[in-house]
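Here is the structure we will look at, set down as structure tokens.
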Amino acid sequence: MPDLAPPETVRAVLADLRAVDGALYAAVAATPTPTLDRALRLLSSAADHSKVSFAVATGLALAGGRARRAAIAGTGAVAIASVAANLLGKRLVRRRRPDREAARVVVARHVPMPTSASFPSGHTASAVAFATAVGVVLPPTAVPLGLLAGAVGYSRVHTGVHYPGDVVAGSVLGLAAAVTSLALTESLLPPAR
């Protein structure tokens, strides 16, 4: 049986990762982007409660056929990601939100600071879950929805409410939620035509 890393090594690696995470957050906060600030703030707010994903899902469902199947898989993925991020991840890890005032995040970027824990990013988990599930069922949507999910994740760092590591963890969680939803969709729905 291989030797496991000693606890002090694990602690040191985690400390280094937190330092990198904080430095990336500070770099985003310190970079002037007046042209992007309003758009990313609006996108971050539009992604609250997965409003953007549900709007896309509604359009897909109305189109019928494979698009409806994609909407079902995507909506299921959002549900799974949301439960995993908000009811499990945030309660288990309990990471504090970034101090955007200390980091001097420009006020023009601010969205309301959530009261929930920071890790993982639920917005990112849901956006990635939706984009992945829908993109697998309906491949022409994969790139635009993937770009949108990436923008949602970045917007959460840009507005100062998440560290980059929260977004990375949310992305991984979103991928897992999509795989789960796709498997359930495949097993519960009749074959797509």
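The values are calculated or read from the model by the stated rules, or taken from the named source; none is laboratory data. Please read all numbers here as calculations on a predicted model, not as lab measurements. Cβ: placed from backbone, ideal geometry, glycine included. Neighbour counts: every protein chain shown. In case anyone asks, the SASA skips ligands and DNA or RNA and just uses the protein heavy atoms, side chains included. Shrake-Rupley method; radii C 1.70, N 1.55, O 1.52, S 1.80 Å.
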Choose one answer from Ala125, Ala19, Ala84: the residue with the largest mean-square fluctuation in a GNM of the chain with alpha-carbon springs under 10 Å. Ala19
What is the spread of the Cα atoms of region 7-116 along each of their three principal axes, largest first, in whole Å? 52, 42, 22
Determine the calculated [θ] at 222 nm for the chain from helices alone, applying -39500 (n - 2.57) to every DSSP H run no shorter than 4 residues and normalising by the residue count; nearest 500 deg cm²/dmol. -22500 deg cm²/dmol
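Determine the per residue accessible area of the chain with all protein chains present and a 1.4 angstrom probe, expressed in square angstrom.
Working: 10560 Å² over 193 residues.
For the chain, the per-residue accessible area is 55 Å².
Determine the sum of side-chain charges near Ala57: Lys and Arg each +1, Asp and Glu each -1, restricted to other residues whose C-beta is under 14 angstrom from that of Ala57. Each step should come with its number before you reach the end.
Numbers: positive: Lys51, Arg66, Arg68, Arg69; negative: none.
Local net charge: +4.
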Heavy atoms only, probe 1.4 Å: what % of the accessible area of the chain goes to carbon and sulfur, would you let me know? 69
Taking Lys and Arg as +1 and Asp and Glu as -1, residues besides Ser121 with C-beta under 12 Å from its C-beta add up to +3
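Enumerate by residue number the trypsin sites (Lys or Arg not before Pro) in region 92-173 meeting two conditions: DSSP loop (anything except H, G, I, E, B), and at most 15 other Cβ atoms within 10 Å of the site's Cβ.
Details: sites: Arg94, Arg95, Arg96, Arg100, Arg104, Arg109, Arg156; in loops: Arg94, Arg95, Arg96, Arg100, Arg104.
Those satisfying the criteria are Arg94, Arg96, Arg104.
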Find the percent of Cα-Cα distances in region 96-173 that exceed 21 Å, and round it to a whole number. 30
The chain: most fluctuating residue of Ala47, Ala30, Ala127 per GNM, C-alpha cutoff 10 Å: Ala30
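Kyte-Doolittle mean at least 0.5 and Cα extent at least 15 Å along the axis: which DSSP H helices of the chain qualify? If you can, show how the numbers build up before the last one.
Numbers: long enough: 7-30 (34 Å, 0.80); 34-46 (19 Å, 0.18); 51-63 (18 Å, 1.55); 65-82 (26 Å, 0.53); 122-137 (23 Å, 1.40); 142-158 (23 Å, 0.99); 164-188 (36 Å, 1.25).
Helices meeting the criterion: 7-30, 51-63, 65-82, 122-137, 142-158, 164-188.
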All alpha-carbon distances of region 59-193, grouped into 5 Å bins from 0, give the whole-percent distribution 2, 12, 19, 20, 16, 12, 9, 5, 2, 1, 0
For the chain, modelled as a Gaussian network with Cα springs under 10 Å, which listed residue fluctuates most, Ala61, Ala177, Ala81? Ala61
Here the net charge surrounding Ala151, from other residues whose Cβ is less than 15 Å away from its Cβ (Lys, Arg +1; Asp, Glu -1), is +3
